[in-house]
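Read through the structure below, which is laid out as structure tokens, and then see the notes.
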Amino acid sequence: MKNLGKMMKQAQEMQSKMADMQATLEQAECTGQSGGGLVSVTLNGKGNMKTLKIDPSLFNSDDAEVVEDLIIAAFNESKRKVEDYSQTEMAKITGGLQLPEGFNLPF
């Protein structure tokens, strides 16, 4: 029974750390760029877009597809950075505990 009590305490501590991490993720920001910095997208740690910056020189172009592709590329880079950041923060909490494939915390 001692082990069960210890496990419950560890679970509660991990739950508290997860809540703290969720708050930290909301405050974190990751920025991705494309087109040599012509387009910049910033996401928070939960993957929500915070800012989108487009260099005014792109508006002189008649090719809207180029601008759209640059936005998508910048967003995807930001999203990758958010995922990397989340995994790093999760590893700090779980102590490197390997979770089963497809088991993504905290999302």
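The values are calculated or read from the model by the stated rules, or taken from the named source; none is laboratory data. In this text the structure is predicted, and so the values were computed from the model without any measurement. FYI the Cβ positions are ideal-geometry reconstructions off the backbone, even for glycines, and counts take in every protein chain you see.
Tabulated values for the structure
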| read-out | value |
| --- | --- |
| Condition met for Lys46 (under 22 Å from Thr94 (Cα atoms) and not in a helix (DSSP H, G or I)) | yes |
| Residues located in the range 40-75, provided they are closer than 29 Å to Thr24 by Cα and of a type in the set (Gly, Ala, Ser) | Ser40, Gly45, Gly47, Ala73, Ala74 |
| Test: Lys46 is at pLDDT below 85 and of a type in the set (D, E, K, R) | yes |
| Filter pass, Ser57 being among the polar types (S, T, N, Q), assigned to a helix (DSSP H, G or I), more than 30 Å from Thr94 (Cα to Cα) and modelled with pLDDT of 85 or more | yes |
| Any hit, the range 97-107, residues being under 27 Å from Ala11 (Cβ atoms) and either at pLDDT 90 or above or polar (S, T, N, Q) (or both) | yes |
| Filter result (surrounded by 14 or more Cβ atoms within 10 Å (Cβ to Cβ) and acidic (Asp, Glu)) within the range 18-30 | Glu29 |
| Which listed residue is modelled with pLDDT under 80 and not hydroxyl-bearing (Ser, Thr, Tyr), from Gln22, Gln15, Gln10 | Gln10 |
| Pick from the range 31-74, criterion polar (S, T, N, Q) and surrounded by 13 or more Cβ atoms within 10 Å (Cβ to Cβ), ranking: nearest to the chain's Cα centre (by Cα) | Asn44 |
